[in-house]
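Trainee: Just passing along the structure, written as structure tokens.
The values are calculated or read from the model by the stated rules, or taken from the named source; none is laboratory data. The model shown is predicted, which means the values in this text are computed figures rather than measured ones. FYI the Cβ positions are ideal-geometry reconstructions off the backbone, even for glycines, and counts take in every protein chain you see.
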Amino acid sequence: MSPWYETVKSFDVVPITEDGVDTEAYLEATVGLTKMFELLESQIFGFVNGKIRRDIGAVRAHMQTYPGRSSTLEGLISSAVMQEDPEVLISLQKLIRGQYFTSSSLLRAIHDPNDELYTSFQRGYDEVMAPYHTFWVRTTISVGLRAIPTRDTFFTMIADDGPMDSLHGALQKSLEALQVIVLRIQPILDASGR
């Protein structure tokens, strides 16, 4: 059986044209990222994955309702503003912020092999998500992050018997491409009022 990273769409193959980021390919790669966390069979990731799948569903539903205007993420945002559909904007905002947090944390873990995974995720959270949360939410998240598996356990499980170098290479390539998408879309979401 092929390792996880060979069975899902990577963010580095999501088309980005002058019109924007391909919505369907972005959503497909996002689903692939959630499958990585499903491999861990952790309650904290299960809870987060449920929320992510609902947000994917909201974005996909808008894309299917307004296909001509939503083929790119940029068009989808414009369409959601025109249709006065704040829910899809909120869902996309949560996906984008969560992906920035996840990609920053995992890239940090890949680049610093001495960092425990919890430390990488805590730093990623402090950098990306904490400014949007209250003290109580930050405290709850910090406690929840302690449930993250050890670095060795995490990478062994998602490598799924594949070579670790191949996993790190594929993951880094996908996460760096995801950050390009996030940094492109976040200012557009900010300008939309979300």
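Trainee: Among what's in region 26-47 and is of a type in the set (S, T, N, Q) and under 19 Å from Val13 (Cα atoms), pick the residue that is modelled with the highest pLDDT. Explain how you work it out, then say what you get.
Mentor: As a first pass, look at region 26-47 and keep what is of a type in the set (S, T, N, Q): 30, 34, 42-43.
Those left that are additionally under 19 Å from Val13 (Cα atoms): 30, 34.
On the way: Thr30: 96, Thr34: 90.
Looking at the filtered set, the residue picked out is Thr30.
Trainee: Is it true that Lys9 is of a type outside the set (A, V, I, L, M, F, W, C), surrounded by fewer than 19 Cβ atoms within 10 Å (Cβ to Cβ), at pLDDT 85 or above and touching an Asp or Glu at 6+ places or on another chain (Cβ under 7 Å)?
Mentor: Working: of a type outside the set (A, V, I, L, M, F, W, C): yes; surrounded by fewer than 19 Cβ atoms within 10 Å (Cβ to Cβ): yes; at pLDDT 85 or above: yes; touching an Asp or Glu at 6+ places or on another chain (Cβ under 7 Å): yes.
For Lys9, the condition - of a type outside the set (A, V, I, L, M, F, W, C), surrounded by fewer than 19 Cβ atoms within 10 Å (Cβ to Cβ), at pLDDT 85 or above and touching an Asp or Glu at 6+ places or on another chain (Cβ under 7 Å) - is met.
Trainee: Of the residues Asp160, Asp112, Asp85, only one is touching a Ser or Thr at 6+ places or on another chain (Cβ under 9 Å), within 19 Å of Ile188 (Cα to Cα) and among the acidic types (Asp, Glu); which?
Mentor: None of the other options fit; the residue is Asp85.
Trainee: Please go through region 77-119 and give me each residue that is part of a helix (DSSP H, G or I), closer than 30 Å to Ala170 by Cα and over 18 Å from the mean Cα position of the chain (by Cα), ordered by number.
Mentor: His111, Thr119
Trainee: Moving to a separate point now. Give me the residue from region 48-76 that is within 18 Å of the chain's Cα centre (by Cα) and among the polar types (S, T, N, Q) and, out of that set, modelled with the lowest pLDDT.
Mentor: Checking each candidate, the answer is Asn49.
Trainee: Applying the selection to region 119-134, what residues are surrounded by 13 or more Cβ atoms within 10 Å (Cβ to Cβ) and over 22 Å from Trp4 (Cβ atoms)? Before you say what the answer is, go through the steps one by one.
Mentor: Start the filter on region 119-134 by keeping residues that are surrounded by 13 or more Cβ atoms within 10 Å (Cβ to Cβ), which leaves 119-130, 133.
Result: Thr119, Gln122, Arg123, Tyr125, Asp126, Glu127, Val128, Met129, Ala130, His133.
Trainee: Of the conditions (1) out of contact with any helix residue (DSSP H, G or I) (no Cβ under 7 Å at 6 or more places or on another chain); (2) at positive phi; (3) modelled with pLDDT of 95 or more, Glu84 satisfies every one except a single condition; which number is it?
Mentor: Condition (3) is where Glu84 drops out.
Trainee: Further question: Among (1) touching a Lys or Arg at 6+ places or on another chain (Cβ under 8 Å); (2) exposed (fewer than 14 other Cβ atoms within 10 Å of the Cβ); (3) farther than 22 Å from Val59 by Cβ, there is one condition Glu116 misses while meeting the rest; what is its number?
Mentor: The failed condition is (2).
Trainee: Same structure again: Limited to region 12-30, what total is found for residues that are touching a residue at least 12 places away in the same chain (Cβ under 8 Å) and either exposed (fewer than 13 other Cβ atoms within 10 Å of the Cβ) or among the polar types (S, T, N, Q) (or both)?
Mentor: Just the residues of region 12-30 that are touching a residue at least 12 places away in the same chain (Cβ under 8 Å), to begin with: 12-14, 16-17, 19-30.
Remaining after also requiring either exposed (fewer than 13 other Cβ atoms within 10 Å of the Cβ) or among the polar types (S, T, N, Q) (or both): 17, 19, 23, 30.
Selection size over region 12-30: 4.
Trainee: When you check Gly162 against the structure, is it exposed (fewer than 15 other Cβ atoms within 10 Å of the Cβ) and under 22 Å from Thr7 (Cβ atoms), yes or no?
Mentor: Working: exposed (fewer than 15 other Cβ atoms within 10 Å of the Cβ): no; under 22 Å from Thr7 (Cβ atoms): yes.
When the stated conditions are applied, Gly162 does not pass them.
Trainee: For residues in region 105-160 being more than 21 Å from Gln179 (Cα to Cα) and polar (S, T, N, Q), which is modelled with the lowest pLDDT?
Mentor: That would be Ser142.
Trainee: Identify, from the list Val137, Val59, Val81, the residue that is among the hydrophobic types (A, V, I, L, M, F, W, C), surrounded by fewer than 21 Cβ atoms within 10 Å (Cβ to Cβ) and without any contact (Cβ under 8 Å) to a residue 60 or more places away in the chain.
Mentor: Working: Val59 fails: surrounded by fewer than 21 Cβ atoms within 10 Å (Cβ to Cβ); Val81 fails: without any contact (Cβ under 8 Å) to a residue 60 or more places away in the chain.
It is Val137.
Trainee: Can I ask one more? Quick check: anything in region 156-174 under 19 Å from the mean Cα position of the chain (by Cα), outside any helix (DSSP H, G or I) and of a type in the set (A, V, I, L, M, F, W, C)?
Mentor: Scanning region 156-174, I find no residue that is under 19 Å from the mean Cα position of the chain (by Cα), outside any helix (DSSP H, G or I) and of a type in the set (A, V, I, L, M, F, W, C), so the answer is no.
Trainee: In region 68-111, how many are within 30 Å of Met164 (Cβ to Cβ) and touching a Lys or Arg at 6+ places or on another chain (Cβ under 9 Å)? Please lay out each step first, then the result.
Mentor: Residues of region 68-111 within 30 Å of Met164 (Cβ to Cβ): 95-111.
Keeping just the survivors that are touching a Lys or Arg at 6+ places or on another chain (Cβ under 9 Å) gives 98, 104-105, 108-109.
The total comes to 5.
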